[in-house]
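Quick notes on the structure that follows.
The values are calculated or read from the model by the stated rules, or taken from the named source; none is laboratory data. Not measured: the values here are computed from a predicted model. Backbone-built Cβ (ideal geometry, glycine too); neighbour counts: all protein chains shown. Surface accessibility is based on the protein's heavy atoms, side chains included, excluding ligands, DNA and RNA. Shrake-Rupley method; radii C 1.70, N 1.55, O 1.52, S 1.80 Å.
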Amino acid sequence: MHEKGEQNANYLRMKNRLLLIVSILAISLFSCKDNAATTSEMTNVDDPKPNIVIIYMDDLGYGELGAYGATELKTPNMDALATGGIRFTQGYASSATCTPSRYALLTGVYPWRNKNAKILPGSASLIIDTAQNTLPKMLKSKGYTTGIIGKWHLGLGTGEIDWNQRISPGPNEVGFDYSNILAATQDRVPTVYIKNGDVVNLDPNDPIEVSYEKNFEGEPTGLENPEMLKMKWHHGHNNSIVNRIPRIGFMKGGEAAKWVDEDMADYFLTDAQAYVKQNKDRPFFLYYALQQPHVPRTPHPRFVGKSGMGPRGDVIVEADWVIGEFMETLKEEGVLENTLIIFSSDNGPVVNDGYYDDSVEKLGDHKPAGMLRGGKYSLFEAGTRVPFITYWNGTIEPGVSNAMVSQLDLFSSLASLVHSDATTQDSKNLLDVLLGKSKEGREELVIEATSRTAFRKGDWILIPPYNGAARNDLVDIELGNDSVYQLYNLKEDIGQQKNLTHSNPEKIEEMIQEYHAIIDNKQTHNELLRLE
Ligand code: NG6
Ligand code: CA
């Protein structure tokens with residue numbers, strides 16, 4: 001009995017010890033797994049939550065970066081992104097102008113589906129439906145904090161805007177937790193920064209009024225007061241004068257709130273750096289929309305004369321410096337290797353976009369569009385084919401990709417990155433292409449330029465006939481209009497010199513058919529929303 005009791009006690013002790021060992025093992029295995037997960041969150045390509053930064057230039061052309069063949073202009077920091085990441089040779093903005101491209105970038109919807117996605121005045125209403133899914137909303141749903149710093153140009157409010165109250169809806173109502181923006185363009189009023197819906201530095205005793213129809217009594221204009229100007233207008237741009245620069249649109253009041261153009265690059269950079277510092281401990285998305293090299297080109301005095309190309313070159317050098325500083329901040333804050341950066345431009349280049357600023361005179365041998373035909377506003381390649389770079393230090397293997405990608409695809413691709421199944425009928429999931437794991441880009445793409453469209457498929461591009469001038473002489477750009485169909489093989493003829501319509505009757509038939517199959521399906525975005 002006693003012996004048996006002793007045996008039992010021994011057995012129990014052993015059993016307890018075993019249990020203890022098993023549970024210690026289990027706990028340590030479990031915590032090992034936990035550790036592994038945390039480490040992989042920092043570095044692994046399968047990690048669903050790297051920070052995401054889109055650095056978006058305004059009117060920067062395909063040939064503007066050293067990495068894209070520029071020889072006359074030095075862009076070391078942009079080049080570092082290109083050589084340390086993937087440089088796409090066939091990366092497209094969705095449009096040859098700003099608003100439609102930005103609309104597509106944030107919604108993943110072709111801009112020609114939305115009749116309001118056109119170059120907007122500074123007083124325009126918001127063109128993104130607040131019920132619509134957007135890139136920042138999608139990322140928010142996956143735990144990201146989201147911010148936009150820089151140019152907006154997608155409209156604000158729902159009608160007449162009172163600039164002296166909180167302005168809504170705007171970026172904060174379509175998915176951004178934080179916004180610090182210029183409403184439209186640097187050349188359009190109101191020339192003030194708007195932070196989370198409020199005009200920065202607004203003095204309530206000096207309220208802001210804005211009109212795109214008529215001037216306010218007694219206010220000087222570029223047209224009537226040329227003696228007040230430090231930069232002269234060439235075409236358009238002869239309404240209100242701010243900082244001795246004539247603008248598009250009329251504005252009164254808001255003196256203390258008006259930006260100083262020359263400080264804009266520093267202003268947005270400081271804010272972008274603060275945003276990174278503030279949010280470095282959680283997944284963040286930053287849409288950093290620089291204003292350069294859009295007109296008016298106003299480099300800070302530190303950069304004046306630095307390019308030898310006049311203000312247009314100088315602001316590109318300035319933007320390049322900004323990007324270097326921003327990258328340094330990512331590094332210093334210890335988030336560089338956990339941040340995917342996408343660098344691109346909203347549309348192709350223009351040299352004279354309405355001011356006399358020496359850009360034409362001092363351009364020299366620089367070719368903003370590289371070997372491409374056309375420029376901003378054009379259906380030819382230079383309108384929409386832009387620098388397009390993905391960079392993720394330690395994760396993306398550097399290289400060059402000839403895969404066709406569009407900014408339209410960022411919505412579905414980034415959704416895939418963060419394991420969201422959000423998608424649209426237009427936006428393709430090209431995550432593997434963007435990360436350099438595949439070269440299978442888009443097969444086809446519709447591009448847009450000032451409400452006209454063209455159709456790219458494989459190496460071919462079809463430009464349907466359009467009335468209208470072949471060239472805009474004011475900006476000195478070929479627009480792509482012709483009374484006949486144009487068909488180019490971009491692989492053999494990147495400069496679009498040989499219209500192959502007549503020698504390829506079958507190809508053109510096929511292209512016309514497929515183009516119409518897409519373009520005639522003009523469901524508006526609201527209709528699509530109801531269908532989804
Ligand atoms: C045009 C402006 C041009 C530029 C453009 C918008 C005139 C004559 N031209 O209407 O200077 O502001 O709009 O550029 O006013 S974008 O990059 O924002 O699309
Ligand atoms: Ca632009």
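Quick rundown of the values:
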{"item": "Meets criteria (within 16 Å of ligand 1 (Cβ to nearest atom), touching a residue at least 40 places away in the same chain (Cβ under 8 Å), buried (at least 17 other Cβ atoms within 10 Å of the Cβ) and of a type in the set (Ser, Thr, Tyr)) for Thr145", "result": "no"}
{"item": "Residue match in the stretch 389-401 (condition: under 21 Å from the mean Cα position of the chain (by Cα) and within 16 Å of ligand 2 (Cβ to nearest atom))", "result": "no"}
{"item": "Candidate set: the stretch 237-283, residues that are among the charged types (D, E, K, R) and assigned to a helix (DSSP H, G or I); chosen: the one farthest from the chain's Cα centre (by Cα)", "result": "Glu255"}
{"item": "Selection within the stretch 190-209 - more than 15 Å from Gly170 (Cβ to Cβ) and either of a type in the set (A, V, I, L, M, F, W, C) or assigned to a loop (DSSP other than H, G, I, E, B) (or both)", "result": "Thr191, Asn201, Leu202, Asp203, Pro204, Asn205, Asp206, Pro207, Ile208"}
{"item": "Residues of the stretch 265-293 satisfying the condition of being within 16 Å of ligand 1 (Cβ to nearest atom) and farther than 15 Å from Ile323 by Cβ", "result": "none"}
{"item": "Residue check for Ser406: in contact with a strand residue (DSSP E or B) (Cβ under 8 Å, 6 or more places away or on another chain) and either more than 22 Å from Gln496 (Cβ to Cβ) or in contact (Cβ under 8 Å) with a residue 12 or more places away in the chain (or both)", "result": "yes"}
{"item": "Within the stretch 294-323, considering residues that are within 16 Å of ligand 1 (Cβ to nearest atom) and part of a helix (DSSP H, G or I), the one nearest to Asn51 (Cα to Cα)", "result": "Ala319"}
{"item": "Qualifying positions in the stretch 69-118 - in a loop (DSSP other than H, G, I, E, B) and without any contact (Cβ under 8 Å) to a residue 60 or more places away in the chain", "result": "Asn116, Ala117"}
{"item": "Verdict on Tyr355 being open to solvent by 10 Å² or more (accessible area, probe 1.4 Å) and either within 16 Å of ligand 2 (Cβ to nearest atom) or in contact with a Lys or Arg (Cβ under 8 Å, 6 or more places away or on another chain) (or both)", "result": "no"}
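Let's see how each residue does on (1) within 15 Å of ligand 2 (Cβ to nearest atom); (2) touching a helix residue (DSSP H, G or I) at 6+ places or on another chain (Cβ under 9 Å); (3) among the aromatic types (Phe, Trp, Tyr):
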{"position": "Gly108", "(1), (2), (3)": "no, yes, no"}
{"position": "Pro111", "(1), (2), (3)": "yes, yes, no"}
{"position": "Ala124", "(1), (2), (3)": "no, yes, no"}
{"position": "Lys142", "(1), (2), (3)": "no, yes, no"}
{"position": "Leu154", "(1), (2), (3)": "yes, yes, no"}
{"position": "Pro169", "(1), (2), (3)": "no, no, no"}
{"position": "Tyr178", "(1), (2), (3)": "no, yes, yes"}
{"position": "Ala184", "(1), (2), (3)": "yes, yes, no"}
